[in-house]
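Read the structure below first, then the notes.
The values are calculated or read from the model by the stated rules, or taken from the named source; none is laboratory data. The structure presented is a predicted model; accordingly, all values stated were derived computationally and were not measured. Positions of Cβ are backbone-derived with ideal geometry, glycine not excepted, and every protein chain shown enters the neighbour counts. These accessible areas exclude ligands, DNA and RNA; they are computed on the full protein's heavy atoms, side chains included. Shrake-Rupley method; radii C 1.70, N 1.55, O 1.52, S 1.80 Å.
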Amino acid sequence: MSLTDRTKPTDVCLNTDLYELTMAQGFWEAGLTDAQACFNAFFRDCPFDGGYAVCCGTGQIADLVENFVFEDDDIDYLASIQAPGGGPMFKPGFLEFLRDHHLDLTIHAVPEGQVVFGREPMVRVEGPVIDCQLIETALLNLVNFQTLVATKTARVVRAAEGHPVSDFGLRRAQGPDGGLAVARASYIAGASSTSNVLAGKIYGIPVFGTHAHSWVMAFPSELEAFRAFAKSSPRNCVLLLDTYDVHQGIRNAITVAKEMEAAGERLSAVRLDSGDLARLSKEARAAFDEAGLPYVKISVSNDLDEYTIQSLFAQGAPIDSFGVGTKLATCDPQPSLGGVYKLSAVRRGADEPWTPVIKLSEQSYKRTIPGVQHVLRYFDQAGRPTADMLVVDEVARAGEAREMVDIVDPYLTHRLSGEPVELLVKMVEHGSRCGEPEGIEAARERCREALMRLDPAVARFLNPQTYPVGLELGLADLRSRLAREERAESGRPTAE
Ligand SMILES: Nc1ncnc2c1ncn2[C@@H]1O[C@H](COP(=O)(O)OP(=O)(O)OP(=O)(O)O)[C@@H](O)[C@H]1O
Ligand SMILES: O=P(O)(O)OC[C@H]1O[C@H](OP(=O)(O)OP(=O)(O)O)[C@H](O)[C@@H]1O
Ligand SMILES: O=C(O)c1cccnc1
């Protein structure tokens, strides 16, 4: 998200669903200003039928919390909202409460770029229940979309086998803010550059660009267009070959490349944007090599995604780099991650013990996990992650656990070995950021490392293996007990 980077704090606190504010008013009116809650943000299924996701957006949560201030004009606007049944939606006393309100939240989250799996918390939010509700929508908005984009990009980058991928998606992104989020998340997940100039300015992401068909069409001939571009951008010259006829485009590019050589410059690359990219890239490569121009690189674009890129390499296409726009920015074919924010524990005040809570559902698939959860990640001797275990209490002792219950199937257990590491890191304490903000490059490096260590069987596109995520035995018991108690209270049979 870019909202906290470039807009007034006032935009942050109203960047929410109305019901968060009406619930906050209800808690305030019921005298529950001291009541505390613990919520977890997680998704249930990995996107794109994949075996993993790349966590992103969590690095901006501290900005969100620290900028969460209701200014006078926000309060005036809220005071002006009328309830459908007549009269003001919000009471003056509640609006005065909001005017001086700062979020007293403590937030743990998975650092950006780390790989994550279904149903494990990516973010754990603890604090006054009012504050937990006030932050819900903005937090999900931050984490869901960027995690989805980062995951899509990681797949595209994997298919590109080390060749640079540039984000070309701004024109197809979900509004200006969506375009910025795409550029940020895709860079963290391994894209090498973006065409989005504002993202370059705000985040320091390298910017990249070629030229459009319109450039060629604006000149009397393609050759003149290529010459003019080479003259104007000799250090950044990528010529688009397919405005009229790719073979003529190749001949004209060779002519201009020779002229550039004579002037002590070099044609950097050519771009193909239509037709059979495997066949045309081979023809272009052969022609440039034959002309003594082996350094001219071949870049391609045109509705690419991880599958077309994989297929192009399988056909032996000599492609050096990719521009990926629409399918990356819109996360085709899955436009949303479906990440949720669920209550897992409550307490009457900050010094009281937590009471774990569970939400049953008609669909057992939607049953929540109770308690203030930690995520422990286990590794093999080569440092590759082998399993993640959720645990509520006694985190230190849980490290000695040698078995866990599968998070989806209560009849399945997984063996554990090695020393685990806690995945959730404290990012905000009582409303203030912990430590210095992390740069985007550090998140990118974490992602590179995490993807490198990920089991290829989990990372593959087709029928990936399920990475083991489970519950510590005590947590599994707690969950079953709470489910039975809830069922008994509601008079319905226990599903397990
Ligand atoms: N050799 C190939 N193997 C697999 N997919 C390819 C290959 N060449 C191109 N594609 C992909 O096929 C899709 C359609 O390509 P097509 O040839 O129809 O584009 P086009 O119609 O020539 O271009 P446009 O309509 O954008 O001007 C695109 O997603 C493109 O990336
Ligand atoms: O194909 P994408 O992955 O979205 O990459 C971005 C596309 O945007 C540009 O063309 P545009 O789509 O504006 O016009 P075109 O389809 O006529 O080339 C560019 O030439 C790419 O084809
Ligand atoms: O620079 C390019 O070639 C570019 C940028 C955005 C979209 N399509 C192409």
Just for region 223-241: of the residues that are open to solvent by 20 Å² or more (accessible area, probe 1.4 Å) and touching an Asp or Glu at 6+ places or on another chain (Cβ under 9 Å), which one is farthest from Ala269 (Cα to Cα)?
-> Arg227
Does Ser301 qualify as being closer than 16 Å to Ser321 by Cα, within 16 Å of ligand 2 (Cβ to nearest atom), within 37 Å of the chain's Cα centre (by Cα) and buried (at least 19 other Cβ atoms within 10 Å of the Cβ)?
-> yes
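From the set of residues in region 212-222 that are of a type in the set (A, V, I, L, M, F, W, C) and open to solvent by 40 Å² or more (accessible area, probe 1.4 Å), which is nearest to ligand 3 (Cβ to nearest atom)?
Filtering region 212-222 for residues that are of a type in the set (A, V, I, L, M, F, W, C) and open to solvent by 40 Å² or more (accessible area, probe 1.4 Å), the one nearest to ligand 3 (Cβ to nearest atom) comes out as Ala212.
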Index of the failed condition, Asp177 passing every other in (1) open to solvent by 10 Å² or more (accessible area, probe 1.4 Å); (2) more than 10 Å from ligand 3 (Cβ to nearest atom); (3) closer than 25 Å to Pro234 by Cβ; (4) of a type outside the set (Phe, Trp, Tyr) = (3)
Odd one out for Asp167 among (1) open to solvent by 20 Å² or more (accessible area, probe 1.4 Å); (2) within 16 Å of ligand 2 (Cβ to nearest atom); (3) not hydrophobic (A, V, I, L, M, F, W, C) | (1)
When region 52-89 is checked residue by residue, the ones that are open to solvent by less than 10 Å² (accessible area, probe 1.4 Å) and in a loop (DSSP other than H, G, I, E, B) are Tyr52, Cys55, Cys56, Gly57, Phe68, Phe70
With region 396-496 as the region, which helices (runs of 4 or more DSSP H) entirely inside it contain at least 3 residues that are surrounded by 16 or more Cβ atoms within 10 Å (Cβ to Cβ)?
-> 440-453, 473-490
Go through (1) in a strand (DSSP E or B); (2) away from ligand 3 (no atom under 16 Å from the Cβ); (3) polar (S, T, N, Q) and name the single condition Ser299 misses.
-> (2)
Identify the single condition in (1) open to solvent by 10 Å² or more (accessible area, probe 1.4 Å); (2) within 16 Å of ligand 1 (Cβ to nearest atom); (3) not hydrophobic (A, V, I, L, M, F, W, C) that Ser268 does not satisfy, given that it satisfies every other one.
-> (2)
Can you run down the residue pairs with Cβ atoms below 6 Å, 6 or more apart or on separate chains, where the first is in region 236-247 and more than 16 Å from ligand 2 (Cβ to nearest atom) and the partner is assigned to a loop (DSSP other than H, G, I, E, B) and not polar (S, T, N, Q)?
-> Cys237/Leu267
Restricted to region 318-334, and to residues that are open to solvent by less than 10 Å² (accessible area, probe 1.4 Å) and touching a Pro at 6+ places or on another chain (Cβ under 9 Å), which residue is farthest from ligand 2 (Cβ to nearest atom)?
-> Cys331
For region 300-309, state whether one or more residues are at positive phi and more than 13 Å from ligand 1 (Cβ to nearest atom).
-> no
Checking Ala262 against (1) aliphatic (A, V, I, L, M); (2) within 15 Å of ligand 3 (Cβ to nearest atom); (3) surrounded by fewer than 21 Cβ atoms within 10 Å (Cβ to Cβ), the condition it does not meet = (2)
Please indicate, with yes or no, whether at least one residue in region 149-166 is within 28 Å of Arg271 (Cβ to Cβ), more than 16 Å from ligand 3 (Cβ to nearest atom) and polar (S, T, N, Q).
-> yes
Boolean, Val157 is under 21 Å from Arg444 (Cα atoms) and open to solvent by less than 10 Å² (accessible area, probe 1.4 Å) | no
Go through region 179-242 and tell me which helices (runs of 4 or more DSSP H), entirely inside it, have 3 or more residues that are under 19 Å from the mean Cα position of the chain (by Cα), more than 16 Å from ligand 1 (Cβ to nearest atom) and at negative phi.
-> 197-203
Within 16 Å of ligand 3 (Cβ to nearest atom), more than 30 Å from Ala442 (Cβ to Cβ) and of a type outside the set (A, V, I, L, M, F, W, C) - does that describe any residue in region 227-236?
-> yes
So Thr255 clears everything in (1) in a helix (DSSP H, G or I); (2) open to solvent by less than 10 Å² (accessible area, probe 1.4 Å) except one condition, right? Which one?
-> (2)
Please identify the pairs in which a residue from region 298-324 that is over 17 Å from Cys237 (Cα atoms) has its Cβ atom under 6 Å from the Cβ atom of a residue that is modelled with pLDDT of 95 or more and basic (Lys, Arg), counting only partners at least 6 apart or on another chain.
-> Asp305/Lys327; Glu306/Arg155; Pro318/Arg285
Only residues that are more than 9 Å from ligand 1 (Cβ to nearest atom) and not in a helix (DSSP H, G or I): list them for region 273-296, please.
-> Ala291, Gly292, Leu293, Pro294, Tyr295, Val296
Might you check whether a residue that is touching a strand residue (DSSP E or B) at 6+ places or on another chain (Cβ under 6 Å) and either within 14 Å of ligand 3 (Cβ to nearest atom) or over 17 Å from Gly275 (Cβ atoms) (or both) occurs anywhere in region 303-311?
-> yes
